[in-house]
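Undergrad: One structure is given below, represented as structure tokens, and several questions about it will come after.
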There are 2 protein chains.
Amino acid sequence: MSDNHDLILKNLNLKITPKRLAVLNILADELVFVSPEEIWRKMKSRFKNIGLPTVYRILEELCEGGVISKIIHPTRQLYYYYCKNLNHHHHFICMSCRRVEDVNLCAAKEIEKQVAGNLKGKVLSHIIQVNGFCKTCSQKKAPDES
Amino acid sequence: MSDNHDLILKNLNLKITPKRLAVLNILADELVFVSPEEIWRKMKSRFKNIGLPTVYRILEELCEGGVISKIIHPTRQLYYYYCKNLNHHHHFICMSCRRVEDVNLCAAKEIEKQVAGNLKGKVLSHIIQVNGFCKTCSQKKAPDES
DNA sequence: ATTATAAATAGAAATGTTTTCTATTTATAA
DNA sequence: TTATAAATAGAAAACATTTCTATTTATAAT
Ligand SMILES: [Zn+2]
Ligand SMILES: [Zn+2]
Ligand SMILES: [Zn+2]
Ligand SMILES: [Zn+2]
């Protein structure tokens, strides 16, 4: 797996540093979306000196390179998720436990058609995200508790 | 139009105050999405005393009530847009001039099917937004300039 | 009209996340 | 090894947004 991460960094023309690899490893172990601060806390148990700005920078580089994706959260705080599904798809996120599931649909074609057709505009990107409660959380009475 | 805005506030069980009406009027005159700060600047030319927190609060109330919608911006700053289209739809936003256009498609049905079916989850809300350059801006050589 | 009430607001201050900056360290290629 | 650019730490700044308290205002009931 580590080789895989080396390769990911190589492909992004990023130097293979212990901290970048650690961020990738931490993200790869997570089943849920995480904040820079949370990553930082885990990093601090692995490195004596590790700055929060470094974590922010690494996460942004990985996101920029398409390796991880940003989560759009109602609080507008930053969250990231390392999704191994390389096909174009979107996410269902649980507002209670932060689990992320793939939603294998994409309206890109229809969007492109409408925008190019009616609006004569140019599409740069699109955001599709579904917010809700996952199976586990929706089975609880009060999904935010216990 | 003012009556219309009175009614909007009434329906939300909000008192009809000059400042709430002014925010609605300012938003109604805008063709583009705007920030709280920008609204505040316009408010200051109409009111001697007007606090930025008031603008934030009013915008949030209107958004909460479904009267205006939040724009998801890459910078993650807050932007709002007052859309008169009452049908469920989504937005195409121009990253250059901030114009907003309706995109009359919605994947809600397919989303619901997938999430309820495969994931056994519960959908609370969904975000669909298309980012790009509008007709005018995409016709310019460098869309971000001049 | 007056008054009582809860709601709305101003203004200052706090909050808290994210970014910037500079000196130092490190990965990598020659 | 060494030279070089890239990466990083740590402190500080920036900045948008929120919280707080005292004051004002809209509204409904006299
Ligand atoms: Zn859940
Ligand atoms: Zn898509
Ligand atoms: Zn435009
Ligand atoms: Zn929809």
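The values are calculated or read from the model by the stated rules, or taken from the named source; none is laboratory data. Remember, predicted model here, so these are calculated numbers, not experimental data. Neighbour counts run over all protein chains shown; Cβ positions are idealised from the backbone, glycine included.
Undergrad: Residues being at pLDDT 95 or above and surrounded by 18 or more Cβ atoms within 10 Å (Cβ to Cβ): count how many of those fall in region B:134-146.
TA: 2
Undergrad: Are any residues in region A:20-40 among the charged types (D, E, K, R) and loosely packed, with under 15 Cβ neighbours inside 10 Å, and if so, which ones?
TA: A:Asp29, A:Glu37
Undergrad: Quick check on region B:61-92: of everything there that is farther than 18 Å from B:Phe133 by Cα and of a type in the set (A, V, I, L, M, F, W, C), which residue is surrounded by the most Cβ atoms within 10 Å (Cβ to Cβ)?
TA: Among those residues, the one meeting the criterion is B:Ile68.
Undergrad: Away from ligand 4 (no atom under 16 Å from the Cβ) and over 17 Å from the mean Cα position of the chain (by Cα): is that true of A:Lys84 in this structure? If you could, list the steps in order and put the result at the bottom.
TA: Numbers: away from ligand 4 (no atom under 16 Å from the Cβ): yes; over 17 Å from the mean Cα position of the chain (by Cα): no.
In short, no.
Undergrad: Which residue out of A:Ile72, A:Ile68 is within 14 Å of the chain's Cα centre (by Cα) and within 16 Å of ligand 4 (Cβ to nearest atom)?
TA: Only one candidate passes the filter, namely A:Ile72.
Undergrad: Now, a different point. Confirm whether B:Thr54 is over 23 Å from A:Lys122 (Cβ atoms) and not assigned by TED's automatic domain parsing to the domain that holds B:Val130.
TA: In short, yes.
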